[in-house]
1. How much mean residue ellipticity at 222 nm does the chain get from its helices, if each DSSP H run of length 4 or more adds -39500 (n - 2.57) and you divide by all residues, to the nearest 500 deg cm²/dmol?
2. Here are some values of volume of the Cα convex hull per residue in Å³: [x] 273; [y] 146; [z] 109. Which one was computed from this structure?
3. Could you tell me the relative contact order of the range 50-168? Use alpha-carbon pairs under 8 Å, at least six residues apart, and round to a whole percent.
4. How do 14-22, 96-104 rank on mean C-beta neighbours within 10 Å, highest first?
5. Using packing as a proxy for protection, rank 158-164, 109-115 so that the peptide with the highest average count of other Cβ atoms within 10 Å comes first.
6. Pairs Lys70/Lys160; Lys60/Lys97; Lys20/Lys165; Lys93/Lys125; Lys20/Lys97; Lys60/Lys160: which exceed 23 Å Cα-Cα?
7. Students often check this: by mean Cβ neighbours within 10 Å, which of 67-76, 124-133 ranks highest, and how do the rest follow?
8. Compute the signed sum of charges (Lys and Arg +1, Asp and Glu -1) over the other residues within less than 15 Å, Cβ to Cβ, of Asn116.
Amino acid sequence: MKSTGITRKIDELGRVVIPKEIRRNLGIRDGESLEIFTNEDAIILKKHSELEKYEDIGMKLSELISSIFKVDVIITDREKVIVATNDKNIVGKNLNKDLIYLIDNREELVSNTTINFDDVSLNGKFGIVPIIASIDSLGLIIIHTNDDKDYVNLARLMAKILSDKINIY
């Protein structure tokens, strides 16, 4: 474990403030959830990804859509790729600032462009739709293809299926 040299006191309600520099460096935004783990004498805080719990159903749905429509399907949480049907080398790669903007602003995009995930670039046509459950924007559905068809409605359907699944629990 890497020491930051920063110490904080616990207040009377058991709260501790995570310094702004650490939150900024780790990309922790106001209102985001953290998971709490213990390990011997350590407390470990980890950014929580609601979508990671649904990775299996996301993968099954993505593989089904990919096989029927002959498209690549990518599912992200708020910071990284969690499912990719044909480009498995992008799983775990970080989202660029443009994709994070779409999540934060709950915007859809249909684009003929290049999208970068860390050191991997994908070219083609993209239909991108945010996954919104309750009031939270949790990630993106990205349909990637090399043909001229517009698959944004397919991305909307997948986002709706996943958000409904998340809202049930």
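All of the numbers you see were taken from the coordinates with simple rules; none came from a lab. As the structure is a computational prediction, the values presented were derived from the model and not from experiment. Reconstructed Cβ throughout: ideal geometry from the backbone, glycine too, with neighbour counts over all protein chains shown.
1. Working: 4 runs with 48 residues, N = 169.
Theoretical 222 nm ellipticity from helices: -9000 deg cm²/dmol.
2. Among [x] 273; [y] 146; [z] 109, the one derived from this structure is [y].
3. Values: 232 pairs, mean separation 26.4, N = 119.
Relative contact order, the range 50-168: 22 percent.
4. Working: 14-22: 10.1, 96-104: 15.6.
The packing order, highest mean first, is 96-104, 14-22.
5. Values: 158-164: 18.3, 109-115: 14.0.
The most tightly packed comes first, giving 158-164, 109-115.
6. Details: Lys70/Lys160 20 Å; Lys60/Lys97 28 Å; Lys20/Lys165 34 Å; Lys93/Lys125 20 Å; Lys20/Lys97 20 Å; Lys60/Lys160 15 Å.
Checking Cα-Cα distances, Lys60/Lys97; Lys20/Lys165 exceed 23 Å.
7. Details: 67-76: 20.0, 124-133: 22.0.
Output ranking for 67-76, 124-133: 124-133, 67-76.
8. Working: positive: Lys80, Lys93, Lys97; negative: Glu79, Asp87, Asp98, Asp118, Asp119.
Net of charged neighbours comes to -2.
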